[in-house]
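To start, the structure under review is shown below, and the notes come after it.
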Amino acid sequence: MQLLLLTAETAAKTSFFYENWIIIKQLIWLFGKFMSGIMYVLDQWSVYSIALCIVIFTVITKLILTPFTVKQQKTSRMTAYIQPELTAIQKKYQGKTDQMSQQAMLAEQQAVQEKYGVSMFAGCLPMLIQMPILFALYPVIYNMDKYVDYLAVLKEKLTADQLTKMYTFLGIDLQTSPGWRLTWAILIPILVVVTQFLSTKLMTVSQGNNNNNSMNGSMKIMNTVMPLMLGVMAVNFPAFLGLYWVTQSVVMSVQQLVINKILAKKPIEEVIKENMEKANAKRKKKGLPELSEKANMSTRRIQGTSGTAEKPGMSAQEKEEALKKANQYYSSRSANPNSLAAKARMVQDYNERSKKN
């Protein structure tokens, strides 16, 4: 995320390429006013510290996003739990590229996801909601002179010595980049790497074990490379941006420890039971049968109910005719037979026919 936001930036204070995007522009304005409010409150106590403003600003904004973080972690935990079943279904249909097999595979996967109360979009939704907020945070921190109105008031009010102290944190000038010099400022990039690695490690632990070796390998590489790349950027960017990253990672780590502790108290079986009850309540309203504990459906039964099962000894012409009938059947249920809606309808049709039988 940080790489995406800073791709078009240099060490000089320039505008971010997305600052005038709709919604983000309004969020930037809002966060600028929020930062101004923090500075105003501290001014009433004669406290002048950019570092303290950044810490307070980061803590509050991360706390606001806590519900989305919890939702995302719950979904990630459940997704990791059901991954073996989804992988088994994929292996079952490995090498089968015909339309009926693909539809049957998708139906089985959707049944598993519905059983456990997991949506393929549930894990993405919290991130999609957070993205505009994250996009808006960076310009406010990076270009405080531009977006934080009260900073101009302080610059006129304070002496040159007070302004210098305001931008100093533990003897480090937050306006300059640490560089590759052996000074106290180099501690900020080091802390960026350490805290970012810790937060990603805690997030990985909360998601549980995943049997997908290739995915595990990719995640391990990403969790190692990203902190290092952020550390390199923290060396070349103003130190107050690195301070923001450190604070953000520390808050995320604390959040993860609390969330992990809470999630660990509730057995996964209890979560599954609650999800099934919710899913069955929704299905009851739609007039559909309840989901059983055995979520995986038999492909043969799915095909058999539509009268298009591929029987042993069928000729090539008979197989082609059966597939044609299946395509006609599902095409009549949706304008686009390849759409997700059509495939979801296939599962619904199967359930309705099972109920009648």
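Can you work out D for the stretch 23-128 in µm² s⁻¹ from Stokes-Einstein, where Rh is the Kirkwood radius over C-alpha pairs, the temperature is 25 °C and the viscosity is 0.890 mPa s?
Working: Rh = 17.7 Å.
It diffuses with D of about 139 µm²/s by this estimate.
The gain in end-to-end length when the Glu270 to Cys124 segment is fully stretched comes to 50.2 nm, 0.36 nm per residue minus the alpha carbon separation.
Full extension of the segment from Leu158 to Thr183, taken as 0.36 nm per residue of separation minus the current Cα-Cα distance, would add 6.2 nm.
Shown in residue order for the stretch 275-284 are the 3J(HN,Hα) couplings computed by the Karplus curve 6.51 cos²θ - 1.76 cosθ + 1.60 at θ = phi - 60°: 5, 5, 5, 5, 5, 5, 5, 5, 5, 5 Hz (x for Gly and Pro).
Distance check, please: which entries in Lys96/Lys201; Lys92/Lys266; Lys220/Lys261; Lys92/Lys115; Lys96/Lys285; Lys115/Lys265 exceed 26 angstrom between their Cα atoms? With Cα atoms farther than 26 Å apart: Lys96/Lys201; Lys92/Lys266; Lys96/Lys285.
Multiplying the residue separation of Val47 and Val232 by 0.36 nm and subtracting their alpha-carbon distance yields 63.4 nm.
Please report Met166, Met127 as a ranked list, fewest other C-beta atoms within 10 angstrom at the top and most at the bottom.
Met127, Met166
Cβ crowding within 10 Å ranks Ile28, Ile268 as Ile268, Ile28, fewest other Cβ atoms first. Placing dummy labels 7 Å off each Cα toward the beta-carbon, the span from Gln26 to Val70 is 2.6 nm.
Of the trypsin sites (Lys or Arg not before Pro) in the stretch 49-148, the ones in a loop by DSSP (not H, G, I, E or B) with at most 16 other beta carbons within 10 Å are Lys96.
Taking θ as phi - 60° and the Karplus parameters 6.51, -1.76 and 1.60, the scalar couplings of the stretch 97-107 work out to 10, 5, 4, 5, 5, 5, 5, 5, 4, 5, 4 Hz in sequence order, x denoting glycine and proline.
Here, each number is a calculation from the coordinates, and none is a lab measurement. Remember, it's a predicted structure, so these values are computed and weren't measured experimentally. Neighbour counts are summed over all protein chains in view; Cβ atoms, including those assigned to glycine, are modelled from backbone coordinates with ideal geometry.
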